[in-house]
Structure formats: structure tokens, C-alpha cells
DNA sequence: CTAGACAAAATAATCGATTTTTTAACAACA
DNA sequence: TGTTGTTAAAAAATCGATTATTTTGTCTAG
């Protein structure tokens, strides 16, 4: 018996939401751009109603800005906004990591090792970027998953999407990328050793370095 | 010249969103209830499209749960959920208050005194509850307003709405209410004295006591 | 030239009707 | 008795068209 596949029953609006969320985070829309609803209708091959519902969700989620009677626009890239997002990531992911290390069980350790391994093996060649990004997001979400707070995880996801929009718009910095990749492995080590303080410090450093890279999108 | 009144240009969907958000937070919908879209159409006297857009936003915001192909429902009141929300309020509002006290200027002091005074003067008689709730929310938002992080304030608002839904469903506890009201005044004093630690401790105690009251909705 | 008024065009928001999917009721069968 | 299959009713999602609002472009008065 194959798995019934719950995703089959996704609604058009949900699919558009997912697709646009992905495209927004990955910089497929110019920052500050006004969203041309009729253009999107063709781009995603959907009707107006589900499209507008998706746009409404994205606005409530913070990936679009809604201006009454004048539609939606892609948020600008703003230095202060990025500072805010990065700072909140430090606080919230740091908090979540501490809790995760205290609560995470053996199953978590396995999943964490697996996620880190998959990420390490994935190459970052231009054709595979999307897959790498998926694994990267997955790694970070696995890292904090057992923190015990649904709301904390929700906020972290939201901030991640915000942050990644900046990072994906910024030019890559290979030297920093190398350090960041090594830190992923070190984070796993410290997590398995249950070294709360060191792990949190490293995660904050990790975010700070990513922030430096992401800054490149604001100039 | 009168103020141009930006709110005139609110869209139908926005008005429904505001109204339903208010009604959800104030317990006008039974927890766990399935949302009857056709009923709401009449209740709010609007068409289907703006109504659905509002529902989508509310779901993204967390005041409704969306299940693909089977509409929307009001989230259940769940003890663990309340624990999570209250715990996150402690963390985030505590953090925000510390920052606000460090950053808040003289103008903030004035507004805080004003907000506290208005709240104190408002009576809590059944006919005036909505007004009291408005002033109460306003006080707490003023308290942390100058924390410097838009995202932190956004998350706090969201958690407040979640929390208040529980509190408003719970039976009142006059004795605790009295203490909570006194704490508002004490919070202002500590904030003006710039006593970061004591203020944070008091705010956390304030949230804990509110939590005890809110628990009454889960039994 | 520039500011203002106006009409035309473009875009956003909403409506009413249709299609799709789920739910509920009931019957046939093991 | 309980399970499965069928179908009618209800509800959700979507479509196509209409209405309302904003934007753009043109013209005129100063």
C-alpha cells in the first residue's frame, strides 16, 4: 500500500502560497516591486480568487506588504530591517537551541546527524542551489526542533524566510561560505556533547557571519 | 483642516479581518467550532470573496486553523498551547521591556503614565469591558513600544491575541484582578526608575498571574 | 512653464454563479 | 452486527464578469 499522499488534496491557493513563498525567499521578485496580479495569474496559471487568497496569506506572514486599494508589493531590502531580523534570529534560535539540547532525545541526535550529512554531501553548484537551500533550511530546523515550543519554532521559521530573502539576494562569499559549512558540523558536535553554552555561542556566531554576507544585498 | 482619515479607504476584507480578530480574541466564537462561511457572510454582511480573504489572513496570523478542502475552524483551547503562549510571552515581553527601559525617552514616559492612568480610571463593568480591554492592550503595548524591534513587537502582539482569547474565555477572579491592576502601576514606577531587573521580574510575575486566571478556560 | 481639473485607462476589489470535494444517509453484503 | 459501497446534500473552492478606486495622460488657466 502506498502512502495516501495528503498533499494531493492541497488547494490551489495553498499551492500558490507555497510556490510564491519559495520564489519570494529565493529572490525571484525584485525588492520593492509592485505585484502585478494579472501577471501572476499567468505566471502561476491560476485564477484570481485562489491567487488573491495566497497573496493575503503571504502578507499576513510578512513576505508581502499589503496596501489597501492599491494591491501588494514586495518589501524593500532595508538595512535596519535586516538588523532586526538577524538580531531576533540570534535571540530566538539561541533560546531554542538551548532548550533543544536539554530536551532532544536519541532520535533527535540521529536526525541531526543525518541532516548534517545530507547537507555536507550536497553540492552548491548553480543548478543544485534549490536543493542545497532545502537541506540547509532542514538542518537548521532539525537543530532546534525539540525545543518544546510550537510558537517559538513558528517565529523562527518566519524569521528564517525573511533572512534568507536578504541572503539569497546578496552575492556569495566563498571564504565565509566555507566557514559557515564547517560550523554546521561543529554545531552537531556541540549539540551531541550537550554543551549548551558553547553551542549557543557558536550558533550566534554562525548567524553573525551569515548576517555579514546578507548585508551585501542592502548596498 | 481635518485629518484626511486614512481608515476611510479600508477595504472590505480588512474591515472583516479587524472585526473577526476582535470577535475571536473576545470569545465570540466557540473554541473548536467549525467556521460556517455562509453564516459569517450574513453575520458581517459581506460577500464571499472579501470574507475568504479575511479568513486566510486570520489563519496565517494564527487565530484560525485552515484545513485544506474543509474550511476553517476556531482553534481549540488547549492547556499545552496556553503554556506555550504564556511562556513565550514571558520571554519576549521580558526581553522587550528590558530594551524599552534602556531606550525609552521622555515622550515614552509621558505616554506610559497616560496609558496607565486611562486604564486605571476605566471601570470594568460588563458594559464597558471592550473599552477596558482596549486600554489594557494599549497599556501593555506602550510599555514595550520603544524596544527597537519591529519583529519583536509583532510577535508580542500575536501572542497577546492568543493569550487574551484564553483569558477572555476564563471566569474572572476579582482578587487576582485587583493584584494585576496594582501591578500595572508598579510597572510604570519601575520603568520610570529604569530598574530593568525589577521591572522584568514584575512583568514576568504579572504574566504568571494572568496565566493562572487564563487557565480557568481550559478545564 | 506649472498647478489643477478632468477623462481615459489600468488596476484592485467584489459579486454571483459554477465546479469540485467532503460529509452524511442509507442500503447491500459478509 | 459491522463493514463497505452508493448517492444525495452540503460546503468549500474556484471561475468569469462587474464594480470601485487609483493612476496616468491630456488639456487649460494662471
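Flag: residue A:91 matches the condition of being over 30 Å from residue A:14 (Cβ atoms) and within 19 Å of the chain's Cα centre (by Cα). Within the option set A:133, A:98, being surrounded by fewer than 19 Cβ atoms within 10 Å (Cβ to Cβ) and within 13 Å of the chain's Cα centre (by Cα) holds for one residue only, A:133.
In the set (1) modelled with pLDDT under 95; (2) on the phi > 0 side of the Ramachandran plot, residue B:194 fails one condition alone, (1).
With respect to residue B:79, determine if the residue is more than 12 Å from DNA strand C (Cβ to nearest atom), on the phi < 0 side of the Ramachandran plot and at pLDDT below 95. Break it down into steps so the answer makes sense when it comes.
Values: more than 12 Å from DNA strand C (Cβ to nearest atom): yes; on the phi < 0 side of the Ramachandran plot: yes; at pLDDT below 95: no.
When the stated conditions are applied, residue B:79 does not pass them.
Does residue A:63 fit the bill of being modelled with pLDDT of 95 or more, in a loop (DSSP other than H, G, I, E, B) and under 24 Å from residue B:64 (Cβ atoms)? Yes; evaluated as a whole, the condition is true for this residue. Answer with yes or no whether residue B:26 is surrounded by 15 or more Cβ atoms within 10 Å (Cβ to Cβ), free of Cβ contacts under 8 Å to residues at least 12 places away in the same chain and either within 11 Å of DNA strand D (Cβ to nearest atom) or more than 13 Å from every other protein chain (Cβ to nearest Cβ) (or both). No; evaluated as a whole, the condition is false for this residue. For segment A:66-84, filtering for residues that are in a loop (DSSP other than H, G, I, E, B) and more than 10 Å from every other protein chain (Cβ to nearest Cβ) leaves 6. Do we find that residue A:115 is more than 9 Å from every other protein chain (Cβ to nearest Cβ), more than 16 Å from DNA strand D (Cβ to nearest atom) and within 24 Å of residue A:22 (Cα to Cα) in this structure? Considered against the rule, which asks whether it is more than 9 Å from every other protein chain (Cβ to nearest Cβ), more than 16 Å from DNA strand D (Cβ to nearest atom) and within 24 Å of residue A:22 (Cα to Cα), residue A:115 comes out as yes.
No other residue among B:158, B:128, B:69 is within 16 Å of DNA strand D (Cβ to nearest atom) and either at pLDDT below 95 or under 14 Å from the mean Cα position of the chain (by Cα) (or both) apart from B:69. Among the residues of segment B:56-88, those that are touching a residue at least 24 places away in the same chain (Cβ under 8 Å) and closer than 20 Å to residue B:10 by Cα comprise B:57, B:58, B:61. So which residues in segment B:48-65 are within 9 Å of chain A (Cβ to nearest Cβ) and closer than 16 Å to residue B:31 by Cβ, if there are any at all? Within segment B:48-65, B:58, B:59, B:62 meet the criteria.
Yes or no: residue B:148 surrounded by fewer than 20 Cβ atoms within 10 Å (Cβ to Cβ), within 28 Å of residue B:171 (Cβ to Cβ), within 14 Å of chain A (Cβ to nearest Cβ) and at pLDDT 95 or above? No: the conditions fail for residue B:148.
Name the single residue that is nearest to residue B:159 (Cα to Cα) among those in segment B:29-60 being in contact with a strand residue (DSSP E or B) (Cβ under 6 Å, 6 or more places away or on another chain) and in a helix (DSSP H, G or I). Going through the qualifying residues, I end up with B:59.
None of A:103, A:34 is within 11 Å of DNA strand C (Cβ to nearest atom) and more than 10 Å from chain B (Cβ to nearest Cβ) except A:34.
The values are calculated or read from the model by the stated rules, or taken from the named source; none is laboratory data. Computed from a predicted model, the values in this text were never measured in an experiment. FYI the Cβ positions are ideal-geometry reconstructions off the backbone, even for glycines, and counts take in every protein chain you see.
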